[in-house]
Amino acid sequence: MPASDEEAHQAQVEARAPWEPNVVRGSDGRQHLAYELHITSFDSGDGPLTLEKVSVFADGGSQPLLTVQGPEINGLLAKPMDEEHVARGISIESGRRTVLFLWLTLPGDAAPRTLRHQLDFRTAGGSLQRAAGIVGRVADRTPIVLGPPLRGGLWLAAEGPGNAHSHHWGSLVAVDGMLTIPQRFAIDWFGLDENGHSVRGRHQSLAATTDGDWIGFDHEVLAVADGVVRDVRNDAPDGTPLAPLSVPDDLTVRTLYGNFVVLEVSPGVFAHYAHLRKDSVTVKVGDHVRRGAVIGRLGQSGAAGAPHLHFHVSNRMTFEESEGLPYLIDSFSLLGKSAIEQTFDPSVPVALSAPAPAGRRGDMPVDQDVVRFP
């Protein structure tokens, strides 16, 4: 019998969206919402609940913006389960929490005020349970418009917005009883040559490269807006590409970023630049900087596996207890898409998904975009 024709009993779950998303236009020209749905099972039956269907509705609408069901739900997890365990959906043991990462593409330019979620579960005994009144608000804040953090290009947006499986959006940070996602819209910017490669020359392995072999290394890093420097570090050594990284005991700017600059670009809005080259930072705490000013150079300090610029925007100057905010870049050219793994071998041609450059204005780059800045 189809699930829609079955009698559905009330699911014994708690489900909520703690982060209120706001609409942001991506480089595809579409409006998006990015947020997380936390689901905790309190089922008193034997065995886990299996989440079989997720539906998301805008305001009072009856047609879903998004429907995900069966094994496809596995793709909403930061760390998907083995395929053999998700034939009908994902299982949630009683007393356990699962977090779904939702990237909604809106059908038009109108932003919903609320999002309603319906979750269909199957019990171990085979009966249908449903939670249908899970409502989350959509924030009415407007994403900040910034200048580019780098010049020219090509630049690849690795582990970028829209990729819940990345170590950015998929990393929840729990500190002092607060759970946040500082890197919800973070990007690791890797420099590429005109052929789409991130490394110069041929090497036995990436571990045999030096920092200078990477195209982006030592490029100037720019202030994305007028602002005030709120925190900075300049004395961390540059690392060796692909060298093992230790896991810090505490998650802070000083244990993760290496050399960094945190710039307050609007009240309560902070631009974070990480992994800068040792002794390259040109600003100090309290400095007022102008958009386009050079504030450092791209390096490989801190928790960086290879030279790149980590950039994100959040609502606090600290990494911990901050929430990642979406942002727009006022002007860039979109040349296509590429996975970072495709850029490592200079002997293998890189074919971008869209060869013709497209000028973008006031959009947010998303995962795997290859762009050129002014």
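A few comments on the model shown:
- Per-region count, region 328-369, residues under 11 Å from Leu156 (Cα atoms) and β-branched (Val, Ile, Thr): 3
- Gly362 being over 25 Å from Pro241 (Cα atoms) and surrounded by fewer than 17 Cβ atoms within 10 Å (Cβ to Cβ): yes
- None of Leu263, Leu256, Leu298, Leu245 is crowded, with 16+ Cβ neighbours inside 10 Å, of a type outside the set (Val, Ile, Thr) and at pLDDT below 95 except Leu256.
- Long-range neighbours under 6 Å by Cβ, at least six apart or interchain, first residue closer than 11 Å to Phe121 by Cβ within region 43-58, second of a type in the set (D, E, K, R) and part of a strand (DSSP E or B): Thr50/Arg122; Glu52/Asp120; Glu52/Arg122; Lys53/Asp120
- Which listed residue is surrounded by fewer than 18 Cβ atoms within 10 Å (Cβ to Cβ) and β-branched (Val, Ile, Thr), from Thr123, Thr105: Thr105
- Qualifying residue in region 291-298 (condition: at negative phi and in contact with a Gly (Cβ under 7 Å, 6 or more places away or on another chain)): yes
- Region 214-236 residues that are over 13 Å from Arg291 (Cα atoms) and open to solvent by 10 Å² or more (accessible area, probe 1.4 Å), paired with ones that are in a loop (DSSP other than H, G, I, E, B) and among the β-branched types (Val, Ile, Thr) (beta carbon under 7 Å, 6 or more apart): Arg230/Val285; Asp231/Val285; Val232/Val281; Val232/Val283; Val232/Val285; Asn234/Val281
- Counting the residues of region 126-163 that are at pLDDT 95 or above, surrounded by 14 or more Cβ atoms within 10 Å (Cβ to Cβ) and assigned to a loop (DSSP other than H, G, I, E, B) gives 13.
- In region 197-213, residue modelled with the lowest pLDDT [restricted to those that are assigned to a loop (DSSP other than H, G, I, E, B) and either touching a His at 6+ places or on another chain (Cβ under 8 Å) or crowded, with 17+ Cβ neighbours inside 10 Å (or both)]: Thr209
- The numbered conditions (1) surrounded by 22 or more Cβ atoms within 10 Å (Cβ to Cβ); (2) within 29 Å of Asn315 (Cβ to Cβ); (3) not acidic (Asp, Glu) are all true for Leu192 except (2).
- The residue that is nearest to Ala208 (Cα to Cα), among those in region 319-358 that are crowded, with 19+ Cβ neighbours inside 10 Å and hydroxyl-bearing (Ser, Thr, Tyr), is Thr343.
- Checking Pro267 against (1) on the phi > 0 side of the Ramachandran plot; (2) free of Cβ contacts under 8 Å to residues at least 24 places away in the same chain, the condition it does not meet: (1)
- Scanning region 24-45 for residues that are in a loop (DSSP other than H, G, I, E, B) and open to solvent by 30 Å² or more (accessible area, probe 1.4 Å) returns Asp28, Gly29, Arg30, Phe42, Ser44, Gly45.
- For the residues Gly201, Gly147, Gly177, the requirement of being in contact (Cβ under 8 Å) with a residue 24 or more places away in the chain and out of contact with any helix residue (DSSP H, G or I) (no Cβ under 7 Å at 6 or more places or on another chain) singles out Gly147.
- Selection count, region 76-85, where residues are open to solvent by less than 40 Å² (accessible area, probe 1.4 Å) and either assigned to a loop (DSSP other than H, G, I, E, B) or without any contact (Cβ under 8 Å) to a residue 12 or more places away in the chain (or both): 2
- Flag for Leu179 being within 29 Å of Glu341 (Cβ to Cβ), at pLDDT 95 or above, touching a Leu at 6+ places or on another chain (Cβ under 8 Å) and among the hydrophobic types (A, V, I, L, M, F, W, C): no
- Residue in region 254-263 that is of a type in the set (Phe, Trp, Tyr) and in a loop (DSSP other than H, G, I, E, B) present: yes
- Thr114 vs. criteria surrounded by 21 or more Cβ atoms within 10 Å (Cβ to Cβ), closer than 18 Å to Ala17 by Cβ and among the polar types (S, T, N, Q): no
- Pair list, Cβ < 7 Å and 6+ apart or interchain, from region 86-112 residues that are under 20 Å from Asp59 (Cβ atoms) to residues that are crowded, with 16+ Cβ neighbours inside 10 Å and aromatic (Phe, Trp, Tyr): Leu102/Tyr35
The values are calculated or read from the model by the stated rules, or taken from the named source; none is laboratory data. On a predicted model such as this, the values are computed, not experimentally measured, just so you know. No Cβ is skipped: glycine too gets one built from the backbone with ideal geometry, and neighbour counts run over all protein chains shown. The protein model used for the area step is the full one, side chains on, heavy atoms only, and it has no ligands, DNA or RNA in it. Shrake-Rupley method; radii C 1.70, N 1.55, O 1.52, S 1.80 Å.
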